[in-house]
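To keep things clear, I will list the structure first and then write my remarks on it.
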Amino acid sequence: MPSGAGTRVRSALTALGAAATLAAGVLAPASATAATPRSHGERYVALGDSFTSAPSVPRQTDTACGRSDANYPSLVREELGFGRFTDVSCAGAATEHLWQRQPVTGNAPQLAALGPDTALVTLGIGGNDVGFMDVLARCVHPTGEVPRDAPCQRAYTREGGGDELQRRIDDTAPKIAAALDAVHRRAPHARVAVVGYPTLIGDDVEGCRRSLRIADGDLPYLRGTVRNLNAMLRRQAVAHGDLYVNTHGTTFGHDACRPFADRWVEGLTTYPRIRPAAPFHPNEDGERAMAEAVVDALVDGP
């Protein structure tokens, strides 16, 4: 965490303590609550997909879900000093898995982790609803020459058919809205932070060719798609009176197209013995940067 973290953390704890005190009012008479306000460590619950769970980042605590104890929720928990913490994030999770068990991993419905004693909820989800990892897999050219034109963009924006990926983002918006409504019903006194996706594709074309092996002409299109996904998440957070965490800004300049030493997000090829992480996902430095963004949003937000 950056310098001055202690001041920011104290501010965040004050705000979270207020939320927990409200939660205590549900569980105890008002007189008892006034005499012994609950601490900030009441409970923090993390919901989300693989960008939250951090597959391959050591140490993995749930291999089925690819969940690391160095992911951003774990670092936020440590920084803010929560005594009670539940992380149910899971690789492959879409919004439906907030309500339903994930068939492949067996992860229970994520919303079941919430309760009236929850003081903080972070939610990082939506990418799998758009199918973005499948999109990346389709747009990557793992062997042979990387094209200079935009074959992937052509596939998703056929003449007269509009932009398929933008349609998926638009279709995901009401799912995020429903998810936030459900979070507020189950954890009515919690502060809720919607965590956006980090910077994956930078503006170094040759670096992207080497690291991501995506066609030159497709880079602006896919970069814009991630930006549009984040913009939708931000709109939904604001509409529900929740915080939006801009991890794109925090990770900017450390995308998968940067030199290896500067990357906080990995490309197509990863190096497990040097810096374990899943392809196209944040590494340990990236998760740390995302945690910093969450803490900053909690301190600076309403």
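The values are calculated or read from the model by the stated rules, or taken from the named source; none is laboratory data. Every value quoted in this text rests on a predicted model; they were computed, and no experiment measured them. In this analysis, Cβ positions are derived from the backbone assuming ideal geometry, glycine residues included, and neighbour counts consider all displayed protein chains. Surface areas here come from the heavy atoms of the whole protein model, side chains and all, with no ligands, DNA or RNA. Shrake-Rupley method; radii C 1.70, N 1.55, O 1.52, S 1.80 Å.
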**Asked** Per residue, how much accessible area does the chain show when a 1.4 Å probe rolls over the protein heavy atoms, in square angstrom?
**Response** 42
**Asked** Between Asp204 and Ala155, 0.36 nm times their residue separation minus their Cα-Cα distance comes to what?
**Response** 15.3 nm
**Complete:** A student applying the Cα gyration tensor rule (rounded when a/c is under 1.5; otherwise prolate if a/b is larger than b/c, oblate if not) would label the range 156-273 oblate
**Prompt:** With charges set only on the Cβ (+1 for Lys and Arg, -1 for Asp and Glu), what does the dipole of the chain come to about its Cα centre, in debye to the nearest 20?
**Reply:** 460
**Request:** Would you work out the relative contact order for the range 70-209, in percent, from Cα pairs under 8 angstrom that are 6 or more residues apart?
**Result:** 31
**Complete:** For mean projected area of the Cα convex hull in nm² the list reads (1) 23.0; (2) 24.5; (3) 16.0; the calculated value is entry (3)
**Asked** When you count, for each residue, the other Cβ atoms within 10 Å and take the mean per peptide, how do 261-272, 135-146, 204-215 rank with the highest first?
**Response** 204-215, 261-272, 135-146
**Request:** Divide by every residue of the chain the summed helix terms, -39500 (n - 2.57) for each DSSP H run of at least 4, and state the resulting mean residue ellipticity at 222 nm, rounded to the nearest 500 deg cm²/dmol.
**Result:** -13500 deg cm²/dmol
**Asked** Got a sec to turn the phi values of the range 136-142 into Karplus ³J(HN,Hα) couplings, 6.51 cos²θ - 1.76 cosθ + 1.60 with θ = phi - 60°, whole Hz, x for Gly and Pro?
**Response** 4, 4, 6, 8, 8, 10, x
**Item:** Top positive-direction residue, dipole computed over the chain with Cβ charges, set Ser50, Ala293, Trp99
**Value:** Trp99
**Asked** So, with a 1.4 angstrom probe, what is the percent of accessible area on the chain that is carbon and sulfur?
**Response** 53
**Item:** Percent RCO, i.e. relative contact order, over the chain, from Cα pairs under 8 Å lying at least 6 residues apart
**Value:** 21
**Request:** Collect residues whose amide H, placed 1.01 Å from N in the peptide plane, falls under 5 Å from the amide H of Asp87; neighbours closer than 5 in sequence don't count.
**Result:** Ala46
